Structure formats: C-alpha cells, structure tokens
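The next block holds one structure in the form of structure tokens; read it before the comments.
Computed from the coordinates by the stated procedures, all read-outs in this text should not be read as laboratory data. Predicted model, so just to flag it, every value in this text is computed and none were measured. Heads up, the Cβs are rebuilt from the backbone with ideal geometry, glycines too, and the neighbour counts pull from every protein chain shown.
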Amino acid sequence: MIGYYVHHQGRGHLHRALCIAAHTPEDVTVLTSLPRPAAWRGGWVHLPPDDADSPDDPTARGRLHWVPLHHPGHRDRMAIIAEWIGGADPALFVSDVSVEAATLARLMGTPVVVAAMRGERQDEAHRLAYDLADALLAPWPSCLPEPGWPAHWRAKTVHTGGISRYDGRPRPGTGAHPRRKEVVVMMGAGGTDLGASQLREARRSTPDWIWTVLGGSRASWIEDPWPVLCRASVVITHAGQNAVAECAAARAPSIVIPQERPHQEQHATARALAAAGLATVCDTWPAPHAWPSLLHEAAARPDRWARWSPGDGARRAARLLTELALRPTGGTGA
C-alpha cells in the first residue's frame, strides 16, 4: 500500500498523482481536500480544510510552513493522516506537497518520497522535508537541474521529466480545414494575476489572431483542453509544473509568463525553460505593442519539448515508488 498526499492548490498535483498511480502495481490511497474524481477506483481519504484568515504562529517560528496553533481543521487533518497510517501501515508515503504531511509520516516510521519543487527551497522547513525523504521526485529533466541543491539532495533525486495526463495520447485529427492562426491562453485553477483589460488590449493589438482563453473563470473552464492545445498556433501559459508538462505533451509552441508563487517556483521553472530554448519566456504580461512580434517568435520556435518531457515521466515515477514500496528498509531507489 502507498499513501499519496495531494495538495489542494490548483489541479496539477492531483493530475500528476493519478498519472503515476495508473502505472503503479501497488494499491494507492490518495489523501487530499480535493473532491474524488469519478474515474478513481483506489482508496480516497478526504481531509478537512485547514485555511485560516488570521493564523496564530502558522510556521512554528519559521521551522515549518503551516501549523497554525489551536486550529481545529489543521488538527483534524493531521489526526486523519496519522490514523490512516496507523491502520493501513503503508509501505511508502508520497507527499505532493506538504512538509508537515511528509514529516508526520516519517515520524510514524514510514518511508517518504517528496515531490520536489523548483525555486528557493533552502528554508528550514524545506530542508527538513528534503533531508528526511528517502527520495526526491523531480518532474523535470536531469539535464536542467535546479541550481544550488546540496549533494545529498542530488544523490537521492530521480528526474522523471515532465509528467502529463496527456503523455502518449494521440493528437486529434486536424480535418480538411487549414490550421487556424490561434493563440490559446491557459490560466489553470491555481490563480492568476492576469486581468480582463490586459487580455482585451492584447487581442486588439493582434487582429489577425484568434484568441481562446481557458481557465480563470467557470465560463471558460474545460476539463479536457487537449484538443485545444493541439490545434493552437501558440499557447500562453504560466510556469506551473502541470501547465508546462501539458504544453510539452502537446508539443505546443509556448509563451510562458511565470506567476507569483511561494519560493519563486514559477520563476525558477521559467528560467530553466528559457535557458534550454524550449519556450518564449516573459517575466510579466507584455505591453500591447509587443504581442505581434512575440507571437511570431513563439510560433517560429523549433520544437524542443522532447528534451523536457520524453513522455514516460509517470512510468519512471511509478518505478521509483514500486521499488521503494517493495524494499523493506526503504532506501533511495535512485
């Protein structure tokens, strides 16, 4: 049995977990605050929310990330995880991502895999989780490592490349009509600082392009953007791991604009993409007059996405989890 903690921010953590679980012969139980997908047939443990408007010492004086004092949701959340570990006796616990969930599992004597994140991870809490992990699962290629990691982290890191729910999925047919000159803006469910006025100005400055917006509101949200990504001439997206992996799976020419996230995660991913020439990267939403040349540049960029996402990332991750789950004393499996 493998326990898999899934963070509730956005949908990328869940998509990644489901992809990996599909290739894992061991039984997988997901622990999360997110709703259970209709197609999921494995175990599912629902965790109560632990958000708070005015938390009391949520970082334990800088040692952890989220442990607010006297918070019933947080207390119940930790208790449910502990109760599940005590009853299920899992061979392995995966945290994607929570320092506190990873630490709790290790305190209970369960080997732990932590889904690694790019960005500034040298704070006390991240060092604790990364140090105690039996392995770090990095969903980016080894040829583009995260700089500044200590040697003992690198030694137990398994780089899988990007992991997408679309890996290996056939591209839809284009039909008899020529490909439209279309730009697709993919916002995702994790939040964005893009405003409606910025989109309007970008549209006005590029009258020869059709603009399609995915995400950011219920009206524009679709559960399966694969056909839209595949037909796009250019995709504009943020630098979240899941969004980048989906662009890579579709081999879509992309403009990546990192959003503000804790620990500068998206900016670190954007720097790696720019260094490898995989996408056009802008630090902020461009001015209206810049869009015609940016779209032309992105559409003309050679396809190098296979370097980021060879298509077997979920299988690589599943092999790691299986090896660790079958190894009585844990170990790195790297």
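Using Cβ counts within 10 Å as a stand-in for footprinting exposure, how do Met117, Met78 rank, fewest first? Please list the in-between numbers first.
Working: Met117 22, Met78 16.
With the sparsest Cβ surroundings first, the list reads Met78, Met117.
Considering all projection directions equally, how large on average is the shadow of the alpha-carbon convex hull of the stretch 182-307, in square nanometres? Write down the numbers at each step before the final one.
On the way: hull surface 28.5 nm².
Here the figure is 7.1 nm², rounded to one decimal.
At 222 nm, what value in deg cm²/dmol follows for the chain if DSSP H runs of at least 4 each add -39500 (n - 2.57) and the sum is divided by all its residues, to the nearest 500?
On the way: 11 runs with 112 residues, N = 334.
Per the formula, -10000 deg cm²/dmol.
Give me the distance in nm between label points sitting 7 Å out from Cα along the Cα-to-Cβ direction at Trp40 and Asp303, one decimal.
Taking the simple label geometry, Trp40 and Asp303 are separated by 3.3 nm.
Taking 8 Å as the Cα distance limit and 6 or more residues as the minimum spacing, I'd like the relative contact order of the stretch 182-307 as a percentage.
Values: 197 pairs, mean separation 32.8, N = 126.
Here the relative contact order equals 26 percent.
Dipole size in debye (nearest 20) for the stretch 70-110 around its Cα centre, Lys and Arg Cβ +1, Asp and Glu Cβ -1? Intermediate values should be presented prior to the final figure.
Numbers: 3 positive and 5 negative charges, 20 e Å.
Using only the charged Cβ atoms, the result is roughly 100 debye.
What size of dipole, in debye to the nearest 20, comes out for the chain about its Cα centre when the only charges are +1 on Lys and Arg C-beta atoms and -1 on Asp and Glu C-beta atoms? If you can, show how the numbers build up before the last one.
Numbers: 35 positive and 33 negative charges, 249 e Å.
For this selection, approximately 1200 debye.
Projecting each Cα onto the charge dipole of the stretch 182-307 (Lys/Arg +1, Asp/Glu -1 at the beta carbon, about the Cα centre), which of Gly215, Ser293, Asn242 comes out farthest on the positive side?
Result: Ser293, furthest along the dipole toward the positive end.
Enter the mean projected area of the convex hull around the alpha-carbon atoms of the stretch 242-334, in nm², rounded to one decimal. Can you show the working numbers first?
Numbers: hull surface 30.4 nm².
Mean projected area for the stretch 242-334: 7.6 nm², to one decimal.
Let me know the charge dipole size of the stretch 197-330 about its Cα centre in debye, to the nearest 20, where only the beta-carbon of Lys, Arg (+1) and Asp, Glu (-1) is charged. Walk me through the intermediate numbers first.
On the way: 15 positive and 12 negative charges, 44 e Å.
Dipole size: approximately 220 debye.
What is the sum of charges, Lys and Arg at +1 and Asp and Glu at -1, for the other residues whose Cβ falls under 11 Å from the Cβ of Gly148?
Values: positive: Arg118, Arg121, Arg154; negative: Glu120, Glu146.
Local net charge: +1.
How far apart, in nm, are two points set 7 Å out from the Cα along the Cα-to-Cβ line at Leu107 and at Ile80?
Spacing of the two 7 Å Cα→Cβ label points: 1.8 nm.
What is the distance, in nm, between label points placed 7 Å from the Cα along the Cα-to-Cβ direction at Arg327 and at Asp123?
3.0 nm
Could you calculate the contour length gain from Ser197 to Arg169, that is, 0.36 nm times the residue separation minus the distance between their Cα atoms, to one decimal place in nm?
6.6 nm
Identify the GluC sites (Glu not before Pro) of the stretch 210-276 meeting these criteria: DSSP loop state and at most 15 other C-beta atoms within 10 Å of the C-beta. Write out the running numbers ahead of the final one.
On the way: sites: Glu223, Glu246, Glu260, Glu265; in loops: Glu223, Glu260.
Loop-located and lightly packed - Glu223, Glu260.
With unit charges on the beta carbons (Lys and Arg positive, Asp and Glu negative) and the dipole taken about the Cα centre of the chain, which residue among Pro227, Pro302, Leu273 sits farthest to the positive side?
Pro302
Calculate how steeply helix 265-276 sits against the longest principal axis of the alpha-carbon atoms of the chain, using the helix alpha-carbon long axis, and give the answer as 0 to 90 degrees to the nearest 10.
50 degrees
Longest span of the chain, sites excluded, free of trypsin sites (Lys or Arg not before Pro) in DSSP loop with at most 16 other C-beta atoms within 10 Å?
Values: sites that count: Arg41, Arg61, Arg63, Arg179, Arg180, Lys181, Arg251, Arg304.
Here the longest run is 64-178.
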